[in-house]
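Taking it in order: structure first as structure tokens, then the write-up.
The values are calculated or read from the model by the stated rules, or taken from the named source; none is laboratory data. Remember, predicted model here, so these are calculated numbers, not experimental data. Ideal geometry is used to build each Cβ from the backbone, glycine not excepted, and the neighbour counts take in all protein chains shown. Just so you know, the surface numbers come from the protein's heavy atoms only, side chains and all, with ligands and any DNA or RNA stripped out. Shrake-Rupley method; radii C 1.70, N 1.55, O 1.52, S 1.80 Å.
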Amino acid sequence: MITAYFKQTRLVAILVAVLMGISGYGKAQQKEFKPGQLWPDDKGVHINAHGGGFLYQKGTYYWFGEHKIAGGAGNRAMVGVHCYSSKDLYNWKDEGIALNVSDDLANDIAKGCILERPKVIYNKLTKKYVMWFHLELLGKGYSAARAGVATSDKATGPYTFVKSYRPNPGQMPFYAVTTPESEKVNCTNPASKSDGFFCRDLPGGQMARDMTVFVDDDGKAYHVFSSEENFTLDLAELTPDYTGHTGKFIRIYVGHQTEAPALFKRNGIYYMIGSGCTGWDPNAARWFSATSIWGPWTYRGNPCKGPGSETTYGGQSTYVLPVAGKKDAFIFVADKWTPKDAIDGRYLWLPIAFKGDDIEINWLDSWKLDVFKK
Ligand code: DGJ
């Protein structure tokens, strides 16, 4: 009798535990952002999506980023691009690996290559999800400097690798009619180091490293990338299906080594936040604004304020995330890299404050979405 009672109780306990596991009940819910701290996903594991980008669709946010492994080897792509989903931005569900690296060592995205800063956009014409990333071929350090693209029918993947290349071979930059001849790149007599790299790479396509993609209100998409040995940023138009470059592009802040671009738009003004170029070490962020995507883009200094602002609080920009349904609500998303143990990299999410049309970022130990008014 007593044995039967205990057996029954044990059975009930097991059943409850299984049900709690399935429903996620009992897992600590995140209720605020804690920049720089461990950020557990729905399984209690620190989110593994570095150099990330976001996509919002029908009430769900998707977070795509570099899946890193432990140790220094984690700076190379041993697994692929990890995807998470969330309804509230605090709690993220592990959706698994959206793009797997290949076991075929001859493949462009062979295991052990460098695959950084993946960003996904949705194409309404083809109904495909398009993932762009910075790709360095296996064993070639950072010399390949290619843009890679993969597509999927589902946001969470699996994504199929399409191609990788250096954008815009043979194409000269697009200039406004008012641009003086003296400001245009002259490959007969390059005026600067950066112009020299541009001219060197003209036949085969421009170098493409740190990057983001941005879709404008009219559906046109743009790829922004560090080019010319990281000396200059290019902003290039993508084809209507988002899987190629049209050949139209501009060069931004020539010769000033901008990395980690993140673009957003508010009240008809385009904003870009980026970083300087110091490897994995943090440096001061920088921001730019423009009233046309084709520029001119004006350098506006460091958006970060207060202690730690000279090193972006230890981080480097990767994305600016608009909060759905809220006006003027944009989150600055940065990575705090830990190259010696790549998997331990942290995320710095901070709200962007607007002073008129200027922006400011301040450090917060923790914060909630209610910092945004509506
Ligand atoms: C800085 C870049 O922003 C990162 O994405 C990565 O490429 C590191 N440099 C490598 O040193």
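What 222 nm value per residue comes from the helices of the chain, counting each DSSP H run with n ≥ 4 as -39,500 (n - 2.57) and dividing by all residues, nearest 500 deg cm²/dmol? Provide the component values of the computation, followed by the final result.
Values: 2 runs with 31 residues, N = 374.
Value at 222 nm, helices only, nearest 500: -2500 deg cm²/dmol.
Report, in debye and to the nearest 20, how large the dipole of the chain comes out about its Cα centre when Lys and Arg carry +1 and Asp and Glu carry -1 on their Cβ. Please report the intermediate quantities before stating the final value.
Values: 43 positive and 38 negative charges, 210 e Å.
Computed charge dipole of the chain: roughly 1020 debye.
DSSP bridge analysis restricted to the chain gives an antiparallel fraction near 95%, rounded to the nearest 5.
Given in Å, the Rg to one decimal and the Dmax to the nearest whole number for the Cα atoms of the range 143-231 are 15.8, 48. For the range 92-157, the Kirkwood hydrodynamic radius comes to 12.8 Å, computed from all pairs of different C-alpha atoms.
Per the Kirkwood definition applied to all pairs of different Cα atoms, how many angstroms is the hydrodynamic radius of the range 74-184?
Details: mean 1/r = 0.0630 Å⁻¹.
It works out to 15.9 Å.
Against the longest alpha carbon principal axis of the chain, how many degrees, from 0 to 90 and to the nearest 10, is the axis of helix 2-23 turned? So the helix axis and the longest Cα principal axis differ by about 20 degrees. For the chain, the carbon plus sulfur part of the accessible surface works out to 56%, probe radius 1.4 Å. With the alpha-carbon atoms of the range 239-374 aligned to their principal axes, the span from lowest to highest coordinate is 41, 40, 30 Å, starting with the largest. Please state the relative contact order of the chain as a whole percent: Cα pairs under 8 Å, 6+ residues apart? Relative contact order, the chain: 13 percent. Reducing the range 35-107 and the range 210-260 to their Cα centroids gives an inter-centroid distance of 23 Å.
Please state the relative contact order of the range 82-173 as a whole percent: Cα pairs under 8 Å, 6+ residues apart? All intermediate terms of the calculation are to be shown ahead of the outcome.
Values: 175 pairs, mean separation 20.5, N = 92.
Once normalised by length, the contact order is 22 percent.
You can think of it this way: the chain between TYR299 and ILE269 has 9.4 nm of extra reach, that is 0.36 nm per residue less the Cα-Cα gap. Unpaired cysteine residues in the chain (no second Cys Cβ under 4.7 Å): CYS83, CYS113, CYS277, CYS304. Solvent-accessible area per residue in the chain equals 45 Å², computed with a 1.4 angstrom probe and all protein chains kept.
If you build the Cα gyration tensor of the chain and take the root of 5 times each eigenvalue, what three semi-axes come out, in whole angstrom, biggest first? Each step should come with its number before you reach the end.
Details: eigenvalues 303, 113, 72 Å².
Ellipsoid half-lengths, sorted descending, are 39, 24, 19 Å.
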